[in-house]
């Protein structure tokens, strides 16, 4: 009886935690998976979360066209230099 | 010679005056030495505080002074400012119902956020604080939304909630909860609901961490005693956890309320005050007066008016905070 109650309590705790995990993660996972879709697929909508075919074109495009190389370099260099200078 | 400290107590009558004298001299010398020590100390303290204080003067006090000054002027950033006295304030109080509506909106959002976010955060903190398997994993997951920048969050959620191809609509239709797509940003209350949801989503992890820190300060013995007395888990929660947590709750309430009242970026990215100014909050309203939003030739920015609105809002926020602190003093003394 006590065992069963404990089990029920435990599973209730996990249920609540899992629900909030899904809520917290869903938008993030959706966006990460959407980054592998084509523009048409995103615009078409539908309930499928996973891309029909995985393609990495978006990342290449972002890296090359949107001048992301420069930005990444900037964000990588300035904190590194700051940390080194601070450490003395 | 007697020790200067005990001189007055056990010395003979005759010697008493001398020793007293010596004692006072001694004490006097000691105090002068002490004061020079404190002088040195305070110089050091001032020097240490100075960088922060200069920053405060330059980036907080100085801009506030200018905001106070422009509040009494009519100024668009280019032409010469015209002094108009309290005309800006009169305009805000008598001829600008939209401003009060936005203030009301912000207050409503803050209140709704408190009501929804605090229970969620407390319950999650208590659950995660338990000895459940993978509690650190859950902590990380719940904290994850806080890491993203608000602009990114706004974009993500406007994609998720978009009316024709958003995944939320698709899922709701797929599971038969609604019959046709909901236009989330087409109606005031729906849009407010989405904004509330997103702002809760983006901060509940942070609030949970605050509560977690508060929970870890509660001594375990209390729970052991309660267990011996036969109090159930729910009873323990209401009679130990909540009262012991109340000082933390008070502070978090205040921070969250002020933070939500000042919410700007999320609204600007997600709804931009649409539909029809229904979700406009006070800070976005001021923002749009300050940084000429849209066509500059049609609506030039009004620094003066925006400053006066900002001052009125600041005063209102302080009043609300003050009232809240007055009401909630009991929470601090609870344990």
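The values are calculated or read from the model by the stated rules, or taken from the named source; none is laboratory data. Keep in mind the model is a prediction, meaning the values are calculated, not measured. Please note: Cβ atoms are built from the backbone with ideal geometry, for glycine as well, and neighbour counts cover all protein chains shown.
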task: Evaluate the following for residue B:102: is it within 14 Å of chain A (Cβ to nearest Cβ) and part of a helix (DSSP H, G or I)?
output: no
Every listed condition ((1) modelled with pLDDT under 85; (2) within 14 Å of chain A (Cβ to nearest Cβ); (3) outside any loop (DSSP other than H, G, I, E, B)) holds for residue B:94 save (2)
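Listed here are the residues, each with its yes/no results for (1) on the phi > 0 side of the Ramachandran plot; (2) surrounded by 12 or more Cβ atoms within 10 Å (Cβ to Cβ); (3) more than 10 Å from chain B (Cβ to nearest Cβ).
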residue: A:5; (1), (2), (3): no, no, yes
residue: A:8; (1), (2), (3): no, no, yes
residue: A:11; (1), (2), (3): no, no, yes
residue: A:14; (1), (2), (3): no, yes, no
residue: A:21; (1), (2), (3): no, yes, no
residue: A:39; (1), (2), (3): no, no, yes
residue: A:55; (1), (2), (3): no, yes, yes
Exception for residue A:43 within (1) under 28 Å from residue B:205 (Cα atoms); (2) within 14 Å of another protein chain (Cβ to nearest Cβ) falls at (1)
Of the residues in segment B:146-163, those that are more than 8 Å from chain A (Cβ to nearest Cβ) and more than 21 Å from the chain's Cα centre (by Cα) come to B:152, B:155, B:158, B:161, B:162, B:163
When every residue in segment B:176-201 that is facing chain A (nearest Cβ under 10 Å) and closer than 20 Å to residue A:20 by Cα is compared, the one surrounded by the fewest Cβ atoms within 10 Å (Cβ to Cβ) is B:197
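To keep it simple, each residue is scored yes or no on (1) in a helix (DSSP H, G or I); (2) under 22 Å from the mean Cα position of the chain (by Cα); (3) in contact (Cβ under 8 Å) with a residue 12 or more places away in the chain.
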residue	(1), (2), (3)
B:257	yes, yes, yes
B:263	no, yes, yes
B:267	yes, yes, yes
B:279	no, yes, yes
B:284	yes, yes, yes
B:289	yes, no, yes
B:315	yes, yes, no
B:319	yes, yes, no
B:322	yes, yes, no
Checking B:137, B:143 in turn, the sole residue that is over 21 Å from residue B:234 (Cα atoms), facing chain A (nearest Cβ under 10 Å) and under 23 Å from the mean Cα position of the chain (by Cα) turns out to be B:143
